[in-house]
Amino acid sequence: MQAVILTGLPFLVINGQSALRFDIPTLKLHFFGSLIWMREFYLILAASLFLLLFIGFVTIIFGRVWCGWLCPQTVLLDLSENIAGGEKNRKPFQKLILIPLSALVAITMIWYFVPPAETFRTLFAEPTVTAFFIVLWLLVYLELAFLGRGFCTSICPYSMLQNVLFDKETLVIEYDATRDATCMKCDACVEVCPVGIDIKKGLSSACIACAECIDACRTMTKKKNIPPFPNYKGRIIRPKTFWLGGATTLAAIALIALLLSRPPVDFLLIRDNASLPPGLNRYSFTIHNNGGDKLTLELSSSDTGVTLIGEHSLTVEPFSALHGTILVKSTGKLEKLHLGISGNGIVIIREAGFL
Ligand code: SF4
Ligand code: SF4
């Protein structure tokens with residue numbers, strides 16, 4: 001299911017744009033119908049704060065639940081095991097089966113930066129896209145065919161971080177050593193473990209909490225009507241759950257409030273330091289259209305005796321920015337210029353110095 005969502009998400013179009021895509025040439029993020037510009041750094045900070053708290057909350061309380069159940073890497077490895085058999089006993093020809101899967105993963109990753117239709121058009125026509133695709137394809141293939149779960153235990157930075165965040169009540173999967181005498185030593189738990197752990201030997205930092213060993217053991221122990229030997233251990237409801245969960249919720253609310261309070265259009269104005277005759281000033285402006293509708297706007301000033309010289313009927317395409325300059329002439333004494341944009345129900349007035 002997760003693989004279908006990750007592959008299908010770039011095809012979901014909201015307000016004429018991909019639901020989730022970072023556009024590298026313009027440095028803007030299309031995020032489920034809204035647009036985030038790189039200059040809106042406060043949103044990136046708020047999102048980073050939320051993510052850090054969320055990761056801390058999930059890891060401290062639920063342990064490696066992300067690794068075992070949600071991580072795209074785990075999903076991909078499970079998928080490759082379904083297609084090409086388990087990592088341990090894979091034959092060379094089975095590794096070849098992973099080549100098309102790796103290509104699909106590589107192209108899906110590109111779709112999060114280049115729209116799918118454009119990717120298909122430019123894949124073998126533009127050297128940059130082609131090079132990215134081939135390098136990604138190769139890396140994904142090497143990872144799926146040769147590194148496998150070794151990535152989780154030796155490279156993944158989140159995996160390293162978990163050892164620091166865990167406390168003695170974090171949810172983990174542990175073998176019940178107090179019942180060791182009744183364990184059948186059938187090693188079904190070891191055979192199914194995707195990272196090759198023998199859980200009977202105690203907790204291991206390589207365990208991804210996938211719970212496969214519990215299910216395998218249960219098939220053996222249910223014949224004797226006893227609970228499986230490996231099982232979840234830890235406490236979910238405790239003071240940390242509330243304060244960490246509360247802080248994460250507050251960060252999420254703050255992020256949503258910031259996103260919702262963003263104006264649909266932004267207008268930036270600065271006076272240029274150009275040597276011009278007295279009474280004449282030049283201004284640079286940028287209009288950011290954060291919405292999915294084309295805007296037709298009029299640039300004007302309410303100041304007396306002011307004339308605008310230059311194009312002041314403006315069209316701003318959806319999800320884009322328009323940069324321009326305008327000359328302003330004043331016949332009277334003017335200290336501050338008030339320049340505004342209006343149209344499509346929008347009125348924004350900015351103030352700038354006038355010399
Ligand atoms: S599967 Fe269960 S019974 Fe078999 S060795 Fe593992 S812990 Fe013991
Ligand atoms: S020890 Fe159990 S829970 Fe941990 S990775 Fe192996 S099978 Fe999954």
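Take the residue pairs Lys88/Lys200; Lys91/Lys223; Lys168/Lys201 and return only those whose Cα atoms are more than 27 Å apart.
Details: Lys88/Lys200 20 Å; Lys91/Lys223 35 Å; Lys168/Lys201 18 Å.
As for pairs spanning more than 27 Å Cα to Cα, those are Lys91/Lys223.
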Under Stokes-Einstein, segment 265-353 at 10 °C and 1.306 mPa s, with its Kirkwood radius over C-alpha pairs, diffuses with a coefficient in µm²/s of 118 µm²/s
Name the most mobile residue of Pro25, Pro194, Pro72, meaning the one with the largest mean-square fluctuation, in a Gaussian network model of the chain with Cα contacts below 10 Å. Pro25
Quick one: angle between helix 92-111 and the longest Cα principal axis of the chain, in degrees between 0 and 90, rounded to 10, please. 30 degrees
Quick one: among Lys223, Lys91, Lys233, which has the greatest mean-square fluctuation in a GNM of the chain with alpha-carbon springs under 10 angstrom? Lys223
Ellipticity estimate at 222 nm from DSSP helix runs (n ≥ 4, -39,500 (n - 2.57)) divided over the chain, nearest 500: -12000 deg cm²/dmol
With N denoting the number of residues in segment 172-233, provide Rg(C-alpha) divided by 2.2 N^0.38 Å, to two decimal places. 0.99
Lysines near Lys224 by alpha-carbon distance under 18 Å, same-chain residues fewer than 8 away left out - which ones? Lys185
Convex hull volume of the Cα atoms in the chain, per residue, in Å³? 191 Å³
Helix 212-221 versus the longest principal axis of the chain: what is the Cα-based angle in degrees, 0 to 90, to the nearest 10? 30 degrees
Hey, how much of the P(r) for segment 204-268 falls beyond 19 Å, as a percent of Cα pairs? 65 percent
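Only the coordinates and a few stated rules stand behind these numbers; no lab work does. Just so you know, these numbers come straight off a predicted model, no measurement behind them.
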